[in-house]
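The numbers here are math on the coordinates, done by the rules we state, and not lab data. The shown structure was predicted, so the numbers you read here are calculated from the model rather than taken from an experiment. Every residue, glycine among them, receives a Cβ derived from its backbone with ideal geometry; neighbour counts consider all protein chains shown.
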Amino acid sequence: MIASTPTAAVAWHTVLEMTGIFVGMRMFAAGMRRRGIGSLGERGGFAIALGCVAGAVVGSRIAVWLDRPDLVLAAWNTLVPWTMGQSIVGALIGGWAGVEIGKRLAGVARSTGDTFVVPLAVGIAIGRLGCFVAGLHDDSYGVATTLPWGVDFGDGVRRHPTQLYDIAFVAALAFALHVARARLAGVPGLAFKLFLAGYLGWRVVIDHWKPVHFAWPGGVSGLQLLALAFLVVYLPFVVRAARRLA
């Protein structure tokens, strides 16, 4: 059984989440230097970093609002909508959009996405560990299950440890892309496209094993709806890039 006070849960979640962001950013910076992308210049590097951070923040906020519009509408004139947590789905989509905008403004044409793959996987894994420790104080836990690996987060109900499923998936996805890195390098940006599409597709599936607090048409959550909408637009670009490997 995993049980903790709300204060301890929030503290551990915050520490691990910040650790994931810090480690991911350091790995990304090191990867940029190894690939020689730092030679793009200070202005280009700053635009990419600023676009990534700003886009991730905005995307995360929009995703959370889309996931719980009932709470947003009920408390629109308070600070509640601004303190409702974060979303990896929204941060990934927003961060991608922010980087693309930053590159355009700075006149950067070279693909930088592949450098994000491993740092993102590590950051997500560490952050999800924080979600697991937080248990019921974070909305990433799963629904009830009778499977032997179900976890009791303190309320007497054994649940799918969907946080650990997430860690296993991003680790496997990043490993597969790392193994195929030599071949994928023939199309700059393809590894990132596969990672982003793969993770968002995974979230559409795995979020069926999480409680849906506000259901959109079809019974999907706001995060699933956002991931699906993005994939409809994004997958043709992934397929087009993958065909260039042939």
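Just a few scattered comments:
- Relative contact order computed over segment 50-107 (Cα-Cα under 8 Å; 6+ residues apart), in percent: 59
- Distant-in-sequence amide contacts of residue 158, defined by a placed amide H-H separation under 5 Å and a gap of 5 or more residues or a different chain, comprise 145.
- Table column - 3J(HN,Hα) (Hz), segment 93-98, Karplus curve with 6.51, -1.76, 1.60, x for Gly and Pro: 5, x, x, 4, 4, x
- Inter-site label distance for residue 168 and residue 228 at 7 Å from Cα along Cβ, in nm: 2.5
- Around residue 126: net Lys/Arg minus Asp/Glu count, Cβ-Cβ under 13 Å: 0
- Remark: segment 6-243 projects, on average over all directions, an area of 14.3 nm² (convex hull of Cα atoms).
- Taking the centroid of alpha carbons for each part, segment 183-237 and segment 152-173 are 19 Å apart.
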